[in-house]
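Heads up, the thing below is written out as structure tokens.
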Amino acid sequence: MPVLKNAGHEAFAQAVASGKNAAEAYKAAGFKPHRQNAARLMTIDDVVSRVKELQTKAVKKAEITIDSLAGELEEARAIALAEKQTSAAVSATMGKAKLFGLGSETRKISGTLQIVTITAKQLDALTDDELASLESAYPVLQKLGLIGGDSVAAPEEGGAD
């Protein structure tokens, strides 16, 4: 059914389809609040048909979920594998990963960073677990350019103080 010719009736039907009761929809459609007129409008066949049509469209739209999309991607992946189209299969797999928020290639990191200097005496005071934590953070700090790979000369073993 096409849009109702009467704009007020169409606005009323859309408001009812969105979940408003007849009185609320009547007011939302721009009519002066009047419960009896709102109820009377709900008896007009074209209006009732239009409300049902709009509600059906909303239900169909709600049927498209993450699970349904994942199922479609899995079906496409299975077909691609059966047809030996590995590129299409990988694409479907990546589509599922994106759908579920996995495999993100970029990450937004925010916050502040404080640069500190650690002395040998402070390192000696750390426990083995604390040293392991510090050591595991080293590659990340190096990747961020906060620790120079070869730019900082390491003290030589057995050298004079």
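The values are calculated or read from the model by the stated rules, or taken from the named source; none is laboratory data. Just so it is clear, the structure is predicted and the values come from calculations on it, not from any experiment. Neighbour counts are summed over all protein chains in view; Cβ atoms, including those assigned to glycine, are modelled from backbone coordinates with ideal geometry.
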- line: Apart from one, (1) of a type outside the set (S, T, N, Q); (2) under 39 Å from the mean Cα position of the chain (by Cα); (3) closer than 23 Å to Thr56 by Cβ all hold for Ala38; the odd one out is (2)
- prompt: Is at least one residue of the range 62-75 on the phi < 0 side of the Ramachandran plot, modelled with pLDDT of 90 or more, surrounded by fewer than 13 Cβ atoms within 10 Å (Cβ to Cβ) and within 27 Å of the chain's Cα centre (by Cα)?
  reply: yes
- prompt: For the range 1-23, what are the residues that are exposed (fewer than 15 other Cβ atoms within 10 Å of the Cβ) and assigned to a helix (DSSP H, G or I)?
  reply: Ala7, Gly8
- prompt: Could we say that Glu135 is surrounded by fewer than 10 Cβ atoms within 10 Å (Cβ to Cβ), modelled with pLDDT under 75, out of contact with any Pro (no Cβ under 8 Å at 6 or more places or on another chain) and among the charged types (D, E, K, R) here?
  reply: no
